[in-house]
Amino acid sequence: MTSTTHNIYIHVPFCMSKCNYCAFFSRACSAPDWDKYTKDICNEIEFWGKKLNKIDIPTIFFGGGTPSLMPVRTFETIIQTIKNTFNLLPNAEITLESNPKTINKEKLKDFYHLGVNRLSVGIQSLDDNKLAFLGRKHTAQDALQLLDEANNIGLRVSADFIYGLPNENVDEVINTCKQVNKLGLQHCSMYELTIEPDTPFGKMNLQMPDNETMAKMYNAIGDTLNLPRYEVSNYATENQHCIHNENIWDGEPYIGIGLGAAGRIYHNGSWYEQLGDYKKFEKISNCVRATEMIITGMRTKRGCRLTDDVKKAIDINWINSHPELVQVHNNRICTTDKGLLILDDILVNMVK
């Protein structure tokens, strides 16, 4: 049997330019071949339709790259193909990642009318000097304008920010949080800047904040933002969590469509690791899948579901002897606030 529900992630690999920190699969392209891209994505959707049948789709997430560069007709064709192939639930969450300066009000309205109900805006900083350093092509003002337009249309809006830049201090991070509070967002993501080897930043000898400073920044964000943390890097009011991400973190199956996408498919009673563009479809053991569920679930405040497979994968004696770090309730296992700060260490100890 196949799971009757799969979420969908669609990768849009094109950008105006590559940012200095970006290690995602994307390429700067002034004139992408959107017709070929549309055809390839739709063929892939239909391929999974034949394999999984008319399953329910509760969420679709267009990530990238810069999905807001997509022509409206490309988006329309992809959504129509999903509707023809699967059962797109009437209240499905459809998220589009976007960058300021890549989308205007008219195009935003078109996306909204075609089904996008959640916009994730890559702002990264409200300081123009930091934006230039990061390699962003927009200003803080461009970002604020996009947030306003999205709010006026009636979209659910989230914004991404990066902290822990070279020579950044805790006071600067607190100041950023205070600025974010004034935006009235109901969801935002705060990502620690990580330096990946094959990026422009990876080739520079940057002076990064030390671990102690990063921990102080992390705590300062939790203390200063008006939004409660619901996952290591994500903050939102109770009813504004990203449903797509929550489903994935909770171990639900999902299909990755397009080059650069990854999925976890449940088919005929087995789990499969899957990569978009037909790059991979390999069976994985229930033990491996349970470990993945622990790693993603423990990042969230609600914790990891205690399924039978998860119970087999964890050291319950270690967990029971560290109640100051990890706790079990409502058939979920989760970290305390103290535990969240040393999550990697906890995972090493609690997974057999």
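The numbers here are math on the coordinates, done by the rules we state, and not lab data. Remember, it's a predicted structure, so these values are computed and weren't measured experimentally. Reconstructed Cβ throughout: ideal geometry from the backbone, glycine too, with neighbour counts over all protein chains shown.
When DSSP assigns beta bridges and you keep just the ones with both residues in the chain, what percent turn out antiparallel, to the nearest 5?
45
Quick one: what are the phi-derived ³J(HN,Hα) couplings along segment 34-48, Karplus 6.51/-1.76/1.60 with θ = phi - 60°, whole Hz, x for glycine and proline?
So the J values, rounded to whole Hz, are 5, 5, 5, 4, 4, 4, 5, 5, 5, 4, 5, 4, 5, 4, 6.
Give me the one-decimal nm value for the distance between modelled label points at Thr296 and Asp148, 7 Å along each residue's Cα-to-Cβ direction.
About 3.8 nm separates the two model spin labels.
For Asn129 and Val348, compute 0.36 nm times the residue count separating them, minus their Cα-Cα distance, and round to one decimal in nm.
Result: 74.9 nm gained on full extension.
Please identify the trypsin sites (Lys or Arg not before Pro) of segment 52-93 that satisfy two criteria: DSSP loop assignment and at most 11 other Cβ atoms within 10 Å. Which are they?
Within segment 52-93, the qualifying trypsin sites (Lys or Arg not before Pro) (loop, at most 11 other Cβ atoms within 10 Å) are Lys54.
Multiply the residue gap between Asn330 and Asn167 by 0.36 nm, knock off their C-alpha separation, and tell me the result in nm, one decimal place.
Extra length from Asn330 to Asn167 when fully extended: 54.4 nm.
Taking neighbour counts of Cβ atoms within 10 Å as a proxy for exposure, in what order, fewest first, do Ser285, Ser233, Ser189, Ser158 appear?
In increasing order of surrounding Cβ atoms, one gets Ser285, Ser233, Ser189, Ser158.
Give the relative contact order (percent, whole number) for the chain; include only Cα pairs under 8 Å separated by 6+ residues.
So the answer I get is 16 percent.
So I have (i) 6, 27, 33, 22, 10, 2, 0; (ii) 5, 23, 29, 24, 14, 4, 0, 0; (iii) 5, 23, 32, 28, 11, 1, and one of them is P(r) over Cα pairs in 10 Å bins from 0, in percent calculated from this model. Which one is it?
(iii)
Could you work out the helix-only [θ] at 222 nm for the chain, with each DSSP H run of four or more residues adding -39,500 (n - 2.57) and the total divided by the number of residues, to the nearest 500 deg cm²/dmol?
-11000 deg cm²/dmol
For the residues Leu114, Leu340, what sequence is obtained by ranking on other C-beta atoms within 10 Å, fewest first?
Leu114, Leu340
Do the alpha carbons of any pairs in Lys182/Lys338; Lys137/Lys338; Lys216/Lys312; Lys280/Lys352; Lys39/Lys301; Lys105/Lys216 sit beyond 32 Å of each other, and which pairs?
Cα-Cα > 32 Å for Lys137/Lys338; Lys216/Lys312; Lys39/Lys301; Lys105/Lys216; rest within.
Taking amide H positions as placed 1.01 Å from N in the peptide plane, with prolines and chain starts having none, which residues 5 or more places from Tyr191, or on another chain, fall under 5 Å of its amide H?
The answer is Phe161, Ile162, Tyr163.
Taking the Cα centre of each part, how many Å lie between segment 51-77 and segment 138-171?
23
Which far-off residues, 5 or more places away or on another chain, put their amide H under 5 Å from the one on Trp271, with H placed in the peptide plane?
Distant-sequence amide H within range of Trp271: Ile284.
If the elastic network links every pair of Cα atoms under 10 Å, which of His187, His322, His244 fluctuates the most in the Gaussian network model of the chain?
His322
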